1. Could you tell me whether region 38-150 comes out rounded, prolate or oblate from its Cα gyration tensor? Rule is a ≥ b ≥ c as square roots of the eigenvalues, rounded for a/c under 1.5, then prolate if a/b exceeds b/c, otherwise oblate.
2. Apply 1/(1 + (r/R0)^6) to the Cβ-Cβ distance of Q129 and V190, taking R0 = 41 Å, and write down the FRET efficiency to the nearest 0.05.
3. Given a cut-off of under 8 Å on Cα pairs at least six residues apart, what relative contact order in percent is computed for region 35-126?
4. Which pairs break 29 Å Cα to Cα here: K230/K294; K78/K297; K78/K290?
Amino acid sequence: MADELNVTYINLYGYDEMGNYRYLIFLNMLIVYILSVSFNIIIVYLIWIHKNLHEPMYIFIAALLLNSVITSTTVYPKLLIDILSEKQVITYSACLLQCFLYYSVSASDFLLLAAMAYDRYVSICKPLQYTTIMTKTVVSIILSLAWFLPACQIAVSTVLSANMKLCHFTLKAIFCNNSYYNLFCVTSVVRDINDMVTLFNVAVLPIFFILFTYTRILIISYRSSRNVRKKAAQTCSPHLIILISFSSLCLYDVLIIRLDKGSNLHFIMTLQAFLYYPLFNPVVYGLKVKEIYKHLKKLLCPAKMI
């Protein structure tokens, strides 16, 4: 529908499924959002202030955690408002902006995870060449590509979608995700091709690169000493945990558009996925990465360190 200012509004469908639990869900999500942003920022702060953490691996971790803050802030505030509102609506332009930020940052995560895999490969398999390969310039280039390449490719899809005609104005989702493709009167071949190319560039290729890199690490570690195998397990396991969980979430999100989006199961799964995942990264990296854990322990329990 459009008002006198010719602004198109989209109704968000799914909040009725929450029923009498909406206040409990609101409190739950508010707590998770505050904890998620706080934990991510704390670890980024620790990496920022401690010079021994000014290494490529920790810089990539900090970038990944900053992405988590951006993703949470893109989704949660509007979500929290809608839970308590009688009517859940969003302008079409705001919906596109939310999708653009959400998917460009999420795609950036895949490239950052690929960068971490490469960093671990060089560190474990080519330790003598590490400082000459992973220079500040290389790290800066990788970060720039990880942030700007997905944004540029997803911007193309967003612009194409902005110019398409809408025949439906009810989005069967609790926030703007790729389900908004169902709003269009007709499909766009150009946009679909662009989406496939983008998906291949920012998700499929990085995943194959990560799998190849960790396979090489596993083979070389198996042939090396026990200390090398221990180092590989300690430094690679957090990244693999994050990769598996994040890939599963993204696979679910890609398949959303082909599911029955009106079912209770769909909304329960969406809430579970997006309720707890923002807390996952800081918890894994805070507890599983030894150097970060030491600084985190000092910060939270200073009396015990005296």
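Bear in mind that the values in this text are calculations on the coordinates, not laboratory data. Because the structure is a prediction, the values reported are computed rather than measured. Cβ sites come from the backbone with ideal geometry, for glycine too, and all protein chains shown count toward neighbours.
1. Here region 38-150 falls in the prolate category.
2. The calculated FRET efficiency here is 0.40.
3. Relative contact order comes out at 34 percent.
4. K78/K297; K78/K290
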